[in-house]
Amino acid sequence: MSNPDPPTDSSNFALGQLRALLDQSSSEGEQRLPPERELAARIGIGRRALRRALEVLEAEGRIWRHQGKGTFLGPRPAQTPTNLEELAKRTHPLEVMDVRLEIEPALARLAAMRATNGDIERLLHLAEKTASSSDADGRELWDSALHRTIAEAAGNSLLLAIFDMIDRIRQDATWRLLRERARSGERQQIYVEQHRRVIAAIAQREAHAAEQAMREHLEFVREGLLKVMTRPLPDHVDGHLPEALVTHSKDRIRHGT
């Protein structure tokens, strides 16, 4: 009597076949399994049964799957620290502003409680340098230095590290171009006055006022970015902006937000 055909729709049968294959692959030093279609044909099982069996093996830690890259032997490796370049590609300026609005008002509040006289002198100097800058590169430089000095004066190393990570993402050249498009002469003058209000509150040790002044400043910056992002992007700019930024801008244009 001949052996019956293998039960191609049986997940248990698929699991047994895969276990044998994994043992063989491990002994041969292989690190990745073939694609699902090839794997199903190779061991004579259906795709549905194969996927269920793979799910069991993943739960057992014998394999791990990376969408778009394949199925690998062994447990999933520990995640590496976030790559800022990749993160910058996935995010966009309005997300960055959301984070800034969460932490920088708190930094201004802490700075009002902890800043030294030397910190305040540096802030006043940086505010004047920002006000007198006549080109995009200078405005970016001094504005960033002013906000970082407030973060330093807050006296919290963890918050400062988060601030630095955000600031590094903001340094992408195309993002700087977008921010410069959001600065008109009138808006830049308002930024200058808002900086002075934040610094005055810090100098007077008025924590709540410093927090509120920083929040008002960042909300105004966010509003300017939003206006620029919801305008149709020039063709020569569109092709050079991060994909997440372009997609987000076009979505907002399409939905009228």
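The values are calculated or read from the model by the stated rules, or taken from the named source; none is laboratory data. None of these values were measured; they are calculated from a predicted model. All Cβ positions, even for glycine, are placed from backbone atoms using ideal geometry, and neighbour counts span all protein chains on display.
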Within region 146-159, which residues are crowded, with 16+ Cβ neighbours inside 10 Å and in a helix (DSSP H, G or I)?
Leu146, His147, Arg148, Thr149, Ile150, Ala151, Glu152, Ala153, Leu159
Consider Asn117 against the criteria (1) surrounded by fewer than 19 Cβ atoms within 10 Å (Cβ to Cβ); (2) farther than 30 Å from Val198 by Cα: it satisfies all of them except one. Which criterion is unmet?
(2)
Kindly check whether there is at least one residue in region 200-209 that is among the charged types (D, E, K, R) and at pLDDT 95 or above.
yes
Among the residues that make up region 210-222, is at least one of them of a type in the set (A, V, I, L, M, F, W, C), over 15 Å from Val96 (Cβ atoms) and modelled with pLDDT under 90?
no
Which numbered condition Ala136 misses (of (1) small (Gly, Ala, Ser); (2) within 25 Å of the chain's Cα centre (by Cα); (3) surrounded by 15 or more Cβ atoms within 10 Å (Cβ to Cβ))
(3)
Could you check region 17-34 and list, in sequence order, the residues that are surrounded by 13 or more Cβ atoms within 10 Å (Cβ to Cβ) and either in a helix (DSSP H, G or I) or polar (S, T, N, Q) (or both)?
Gln17, Leu18, Arg19, Leu21, Leu22, Ser25, Ser26
Give Arg37, Arg122, Arg90, Arg42 a once-over and let me know the one that is within 31 Å of the chain's Cα centre (by Cα) and loosely packed, with under 14 Cβ neighbours inside 10 Å.
Arg90
